[in-house]
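Participant: Quick one: the structure is below, and I'll ask about it shortly.
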Amino acid sequence: MFGSILNLFGRSPFAPLQSHMEKVAACIHLLVDLFQALEKRDAVALEKIATQIADFEHQADIMKNDIRNHLPKSLFLPIDRGYLLEILNTQDRIADKAEDVAVLVTLKPIELQPLFSSEFKDFLDKTIIAFEGAHKIIKEMHELLESSFGGIEAEKVRTMVEDVSFKEHQVDLSQRQLLKKIFHAENEMSYTTFHLWQKICEALASISNLSEALALRIRMTLEIK
Amino acid sequence: MSLEMLLLILVILAGGYMAWNIGANDVANAMGTSVGSGALSLRQAVIIAAILEFSGAFFFGSHVSETIQKGIVDSNIFANPLTIVYGMLSALLAAGLWLQIASYYGWPVSTTHSIIGAVVGFGTIVGGFEAVYWENVAFIASSWLLSPILGGILSFVIFSSLRRYIFYAQNPVNAAKRITPALVFCLLFILVLLLLYKGLSNVELNLNFLQSIGISLISGALGFALCQLCLHAVTLAPNKPITAPSEYQPEVSNQLEKAKKHLLQVQAASRGVIQYQASELLEEIDMLSESLKQKEASGRESAEYAVVEKIFGYLQVMSACLMAFAHGANDVANAIGPLSAAIDILTTGFISDKASVPTWTLGLGGIGIVIGLATWGWRVIETIGKKITELTPTRGFSAEFGAAATILLASRLGLPISTTHTLVGSVIGVGLARGIEALDLRTTRHIFISWIITIPAGAILSIVFFYLFKIIF
């Protein structure tokens, strides 16, 4: 009899959603170490960090599937199921992109040329800052649940979302500077290396784009009058 | 005479067993959430539940008991009064047995549904189709559908308004302080009125409408004053951590404002590239001060929500008490209704026209519930309290209050409804107001199925018991 009250509470997907994001964050923060190793030309550390990123990405994948499998049709959530799954999917794609970067960097021996190294570091830093904005919003999920996605808490998250959009824009500006430098340096490297750097930039840029998309997804769950 | 004496003892034992069952299993509904949220310790919860369950049963239990006693089966159709005694005894045993089976397998059945099923089953088979007041039964059955819906709607409205006026306010603590006493006043006024106005007939307390209103107003005002006092105590203590944000002193943002002012002067005095760079810097300063403000605000907000939850922790104790009272008032009838029907015949020797529930039987039911609570129920409260973390005080208050008000209203109307199912409806109501992280709605299907199965199961078991008694005596 009392059991029916307890059975009413399904397994909440929000805490697992947050820990999935923590795994994604672990992938993203390893990118800093990855490029430091590249700069120091430490091939052993580079391999090791790349494997570690792949590991974290795999763990995030497992968590994602676990969350999905525990969302039966009968589960009623305070936000739309579709939004929840899209948030999860976007988080997971960020980890995928980090893994892509790690793979690209280890495909062939390349080096971070001094010609564009400072621009590259700026680009990487800003990418991580943009991602951190989205990460913080996911951390606010608990408070959002507490205030049922409205009120001053929702207002606060809304400004955080705008902040992420702005940071994404700054990443775009930084990327433009970096690309200019890379094209200037095209004679200094082989075509494959040049192409590889293009791909790395692309993958890194999509991290901030996805972070912005994630923030906007959460914006859609808010109840703001 | 010795047969009647034996039957009397048997009936009292069966009624006591039923009351024990109710106390052991269902009281957790009322107290589990308060223990879970830490507002009450287990010992406090058990003592409060015992007192309120008993008073609910004793003072307010007669309405529903009368319905079960006289409102379902037409006693005049039976030639031999003892048939009814056997019937009610069978119904009690059938319902008790069915509940034990259901508890063993963990099915969400209701004590109310099993006893009504048992009484209706015995009445139809033994007395014939016309022995049952089908309009009354239909009315009761419709109340089983309506009570979870009404509880859900009430809880939805209560939680939505708490959200609207407290959580969405600029300063949640002040809003809670302003609204809570008024809330307490309204609650007490309505409930005391519900109880007093022609409600307490079995203790010879018949007040007229004006007297009832007067007493209700007084108790409402008392609640208001008490609430003000409590709020004063709660909100004085946690003031310090709110006003002292550790790392971001107010000077920092002042200094930022100064820097901004100087930069504005630079921007105004220069042109070209320098002007552009100055405006860039200004933008960055704006961002910095914005993020500082956010950090300050977020620290304050979490603390504020915590204070609001603390205030509602006390309110939740109140709603839990109400729930225990309402539960005692409604569910004691499941044991006492059939019991008093049998006792009426055994002591007077004939079937009286008017339903009469002796006060001492209500006391017996109350004691049975308290014993059930003391021997087994506290363990259930402990388990359920440990598991319910999903219901924070505001949510628990909304759910319990919606359910308790519905149950009291039904008790006042003499309708035997399922307290568990009403509470389930209320929790879903809070969930629909985006209050609960995840609700598994499969439970509603289980409840509906067990609802359908319980009635024939109770009926068949009571018929089996009836013919068994026929053979024995």
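Participant: Does the range B:202-215 include one or more residues that are away from chain A (no Cβ under 14 Å) and closer than 21 Å to B:Ala433 by Cβ?
Facilitator: No, the range B:202-215 contains no residue that is away from chain A (no Cβ under 14 Å) and closer than 21 Å to B:Ala433 by Cβ.
Participant: Looking only at the range B:19-69, count every residue that is charged (D, E, K, R) and surrounded by 23 or more Cβ atoms within 10 Å (Cβ to Cβ) and tell me the total.
Facilitator: Residues meeting the conditions: 2.
Participant: Return the residues of the range B:111-152 that are surrounded by fewer than 17 Cβ atoms within 10 Å (Cβ to Cβ) and among the β-branched types (Val, Ile, Thr); say none if nothing qualifies.
Facilitator: Across the range B:111-152, the qualifying residue is only B:Ile149.
Participant: Would you please list the contacts, defined by Cβ atoms under 8 Å and residues six or more apart or on different chains, that run from a residue in the range A:8-29 that is more than 19 Å from A:Glu140 (Cβ to Cβ) to a residue that is at pLDDT below 95 and among the polar types (S, T, N, Q)?
Facilitator: A:Leu8/B:Thr443; A:Gly10/A:Ser74
Participant: Something else about it: I'm told B:Ile471 meets every condition in (1) of a type outside the set (Ser, Thr, Tyr); (2) within 14 Å of another protein chain (Cβ to nearest Cβ); (3) part of a helix (DSSP H, G or I); (4) more than 30 Å from B:Asn136 (Cα to Cα) except one. Can you identify the failing condition by its number?
Facilitator: (2)
Participant: Within the range B:158-174, take every residue that is part of a helix (DSSP H, G or I) and free of Cβ contacts under 8 Å to residues at least 12 places away in the same chain and give me the one that is nearest to B:Ile311 (Cα to Cα).
Facilitator: My answer is B:Asn174.
Participant: For B:Phe156, only one of the following conditions fails: (1) under 20 Å from B:Asp26 (Cα atoms); (2) crowded, with 20+ Cβ neighbours inside 10 Å. What is its number?
Facilitator: (1)
Participant: Run B:Ser103 past the list (1) buried (at least 24 other Cβ atoms within 10 Å of the Cβ); (2) within 14 Å of another protein chain (Cβ to nearest Cβ) and report the number of the one that doesn't hold.
Facilitator: (1)
Participant: Of (1) away from chain B (no Cβ under 11 Å); (2) under 30 Å from B:Leu432 (Cα atoms); (3) surrounded by 15 or more Cβ atoms within 10 Å (Cβ to Cβ), A:Asp33 satisfies all except one. Which?
Facilitator: The number of the failed condition is (2).
Participant: While we're looking at this one, here's another question. Filter the range B:244-285 for residues that are of a type in the set (Val, Ile, Thr) and surrounded by 11 or more Cβ atoms within 10 Å (Cβ to Cβ); which is modelled with the lowest pLDDT?
Facilitator: For the range B:244-285, the residue satisfying everything is B:Val252.
Participant: While we're here: Quick one: in the range A:183-225, of everything that is of a type in the set (Gly, Ala, Ser) and farther than 14 Å from A:Glu168 by Cβ, which residue is surrounded by the most Cβ atoms within 10 Å (Cβ to Cβ)?
Facilitator: Applying the filter and picking the extreme gives A:Ala203.
Participant: Listed residues B:Phe54, B:Phe122, B:Phe59; which is assigned to a helix (DSSP H, G or I), among the aromatic types (Phe, Trp, Tyr), over 26 Å from B:Phe325 (Cβ atoms) and in contact (Cβ under 8 Å) with a residue 24 or more places away in the chain?
Facilitator: B:Phe122
Participant: Then there's this: Applying the selection to the range B:414-452, what residues are surrounded by fewer than 24 Cβ atoms within 10 Å (Cβ to Cβ) and of a type in the set (S, T, N, Q)?
Facilitator: B:Thr443, B:Thr444, B:Ser450
Participant: Just to verify a result, which residue in the range B:163-182, among those that are buried (at least 16 other Cβ atoms within 10 Å of the Cβ) and either of a type in the set (Asp, Glu) or facing another protein chain (nearest Cβ under 10 Å) (or both), is nearest to the chain's Cα centre (by Cα)?
Facilitator: Checked the range B:163-182; the qualifying residue nearest to the chain's Cα centre (by Cα) is B:Arg163.
Participant: Moving to a separate point now. Suppose the filter is of a type in the set (Gly, Ala, Ser), within 14 Å of chain B (Cβ to nearest Cβ) and assigned to a helix (DSSP H, G or I); does A:Ala15 pass it?
Facilitator: Considered against the rule, which asks whether it is of a type in the set (Gly, Ala, Ser), within 14 Å of chain B (Cβ to nearest Cβ) and assigned to a helix (DSSP H, G or I), A:Ala15 comes out as yes.
Participant: Within the range B:222-235, track down each residue that is small (Gly, Ala, Ser) and more than 17 Å from B:Leu195 (Cα to Cα).
Facilitator: B:Ala225, B:Ala233 - these are the residues of the range B:222-235 that are small (Gly, Ala, Ser) and more than 17 Å from B:Leu195 (Cα to Cα).
The values are calculated or read from the model by the stated rules, or taken from the named source; none is laboratory data. All figures in this text were calculated on a predicted structure; none of them were measured in a lab. Here the Cβ is made from the backbone with ideal geometry for all residues, glycine too, and neighbour counts use every protein chain on show.
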